[in-house]
Amino acid sequence: MPLIAIIPGDGIGPEVVLHARRALEHYRDERKLLLELWELDLGADRFLRDGTTFPRDVADRIANEASAVLLGALGDPRVPGLEYARDILFGLRFGLDLYANMRPVKALADRLVPLKDRAAKDIDFVVFRENTEGIYVNIGGQFKRGTPDEIAINEDVNTRKGVERLIRAGFDYAKKHGKKTVHMADKSNAMKHAHELWHRCFFEVAKEYPGIDAKHVYVDALCLYLVQDPRPFEVIVTNNLFGDIVTDLGAGLQGGLGMAASANVHYADSKRVALFEPVHGSAPPLVGKDLANPIASFLTVGMMLAHLGWPEEEARIESICARSIETGNCTPDVGGKLGTKAVGEWILNELRKE
């Protein structure tokens, strides 16, 4: 029986995860999917209460027993250093070697697309972001801090293993889903050593997928092309930092961060525990105002269920979320007038009908 660890987290995280959990309870209790839910008390409140970040016994149980983790959001202005958040998030991503961050960018309604002469059908691609290397490994330091001569250094780490397996995941996904093109975004014209590895490795791996067109694009040009015409893009592979930036731009194309779901997986081993999270962050200004968009959390549940072996449920949830936009049963950020609770209830009621 799949064990799903649930970390509601901070800010609007608990508000949206409440509805995601209710969706999982529906699948467990009414559709009789074999699911076990395990809610964890981790986040800023716990850290401020007793200093706990990511206990070893919890990490071990997740690694050894869980099939998936649902994470709401992390980040709280009461903890400006975010020590606990790094421990939890990087403890999951790095600790579980979840090297592929998969971010689908798909618009569910024409009116959500901010581009002139473009419609929802034109926004449909997925970004594979390398998740365990790059600039986020936090190797570096500061010298002469606080003086006019201060030096700050962060190292960008790229290994052949890490780069190749992420690129291979992108090509494999394209092959399995009938995609014809994979783009790789780097900055090899400026970062000669690190990104030459990406460039070389990309075209070497591409030879193993003769039916797929491999295209290189500099990341700054990619950002330009995505807002000019996103239609040529189906699968994009890139490094940790650029993936972080490009996927937020992608969220803008699909209606905002409240519409953006994600999965963090060890792509080569589908039986490993995977991490699923809506990517809107903790959004402190929205906390307690019943304004947070819960659709990303529902779409994230859909990705989780597909990963666990029920892909038809992802399609079902996506269809219901699209209807919520079409009928105006959504939050103000995507053109509706309902609050978080009402949208969550509407989607859950639609789920119960089907």
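Yes or no: Arg21 out of contact with any strand residue (DSSP E or B) (no Cβ under 8 Å at 6 or more places or on another chain) and either surrounded by fewer than 16 Cβ atoms within 10 Å (Cβ to Cβ) or of a type outside the set (Gly, Ala, Ser) (or both)?
Numbers: out of contact with any strand residue (DSSP E or B) (no Cβ under 8 Å at 6 or more places or on another chain): no; either surrounded by fewer than 16 Cβ atoms within 10 Å (Cβ to Cβ) or of a type outside the set (Gly, Ala, Ser) (or both): yes.
So Arg21 does not fit the description; no.
When Gly140 is tested against (1) buried (at least 17 other Cβ atoms within 10 Å of the Cβ); (2) touching a strand residue (DSSP E or B) at 6+ places or on another chain (Cβ under 6 Å); (3) at positive phi, exactly one condition is not met: (1). For region 112-164, the strands (runs of 3 or more DSSP E) that sit wholly inside it and include 1 or more residues that are within 18 Å of Cys201 (Cβ to Cβ) are 124-130.
Out of Leu226, Leu166, one residue alone is over 30 Å from Asp269 (Cα atoms) and surrounded by 12 or more Cβ atoms within 10 Å (Cβ to Cβ). It is Leu226.
For region 44-60, the criterion of being assigned by TED's automatic domain parsing to the domain that holds Val16, closer than 27 Å to Glu313 by Cα and either surrounded by 13 or more Cβ atoms within 10 Å (Cβ to Cβ) or not hydroxyl-bearing (Ser, Thr, Tyr) (or both) is met by none of the residues.
Remark: Gly134 falls outside the filter, which requires a residue to be small (Gly, Ala, Ser), out of contact with any helix residue (DSSP H, G or I) (no Cβ under 8 Å at 6 or more places or on another chain) and surrounded by 18 or more Cβ atoms within 10 Å (Cβ to Cβ).
Among the residues here, Val113 does not qualify as of a type in the set (Val, Ile, Thr) and under 28 Å from Ile6 (Cα atoms). Just checking, which of Val279, Val273 is crowded, with 19+ Cβ neighbours inside 10 Å, of a type outside the set (S, T, N, Q), closer than 25 Å to Val163 by Cβ and at pLDDT below 95? The conditions single out Val279.
The values are calculated or read from the model by the stated rules, or taken from the named source; none is laboratory data. Computed from a predicted structure; not experimentally measured. When we count neighbours, we look across all protein chains shown, and the Cβ atoms used for this are built from the backbone with ideal geometry, even at glycine.
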